[in-house]
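We did not get these values from a lab; they are worked out from the coordinates using the rules stated. Source: prediction; values computed, not measured. Neighbour counts run over all protein chains shown; Cβ positions are idealised from the backbone, glycine included.
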Amino acid sequence: MTEQEILINNAKKGDAHSFAVLYESVYKEMYRVAYYSLGNPDDAADTVSEAVTDAFAGIKKLKEPAAFKGWIFKILSAKISRQKKAYVNKTADIDEIAEPADERASLLQEDQSVRELFFSLPKEDRLILSLDIFMGYKSEEIAEILKMPSGTIRSRKKRALERLKKELL
């Protein structure tokens, strides 16, 4: 039995220390994905915290210890998606939308459009792109994390990037 399997089995029994060790192994990556997705350090930290809380509460449902990383990133992806919906639902001042005060405001609006487009992708495609673009994982590594064939990862990534490119141009 590997160290990770032992930690996961202990965490399933309610051992917070074991879960903390598991969390420590993925925290930086989780924060980086959340930060690049949300663009706000406070929201990224809050989103990671919510994901970890849910993961600790639901770790008993994790069937394959080797799938821990992909499993916790899926939880994070759902939390990021929820936070993005909250951004979209915030009402903005009509004057700010109608007439950007300067070039920076215009860039922020473009950035928001790109984010909305990114979050219009299916959840797994967003996760694949995040792991690839923000974390630098190769298709084979992503396939291992998500327990999917590497060919599927490559084709989903290609289709998602093509869709983004088409919508942005």
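Classification of the stretch 1-89 by its C-alpha gyration tensor yields a prolate form. The axis ratio a/c (a ≥ b ≥ c) is 1.5 or more, and a/b outweighs b/c. Taking 7 Å steps out from each Cα toward its Cβ at Glu116 and Asp15 produces label points 4.8 nm apart. The phi torsions of the stretch 72-80, fed into the Karplus equation with coefficients 6.51, -1.76 and 1.60 and a -60° offset, translate into couplings of 5, 6, 5, 4, 4, 4, 5, 5, 5 Hz, rounded to whole numbers, with Gly and Pro shown as x. Packing around the peptides 125-136, 147-158, 19-30, taken as the average count of other Cβ atoms within 10 Å per residue, puts them in this order, highest first: 125-136, 19-30, 147-158.
Could you state the angle between the C-alpha long axis of helix 103-118 and the longest principal axis of the C-alpha atoms of the chain, as a value from 0 to 90 degrees rounded to the nearest 10? Approximately 50 degrees, to the nearest 10. Among the listed pairs Lys138/Lys165; Lys85/Lys147; Lys28/Lys158; Lys85/Lys123; Lys12/Lys123, those whose Cα-Cα separation exceeds 23 Å are Lys85/Lys147; Lys28/Lys158; Lys12/Lys123. With neighbours defined as other Cβ atoms within 10 Å of a residue's Cβ, the residues Ile80, Ile6, Ile142 order from fewest to most as Ile6, Ile142, Ile80. In this simple spin-label model, placing a label point 7 Å from the Cα along the Cα-to-Cβ direction at both Leu161 and Ile6 gives a separation of 4.1 nm.
Applying 1/(1 + (r/R0)^6) with R0 = 25 Å to the Cβ-Cβ distance of Ala66 and Lys28 gives a FRET efficiency near 0.80.
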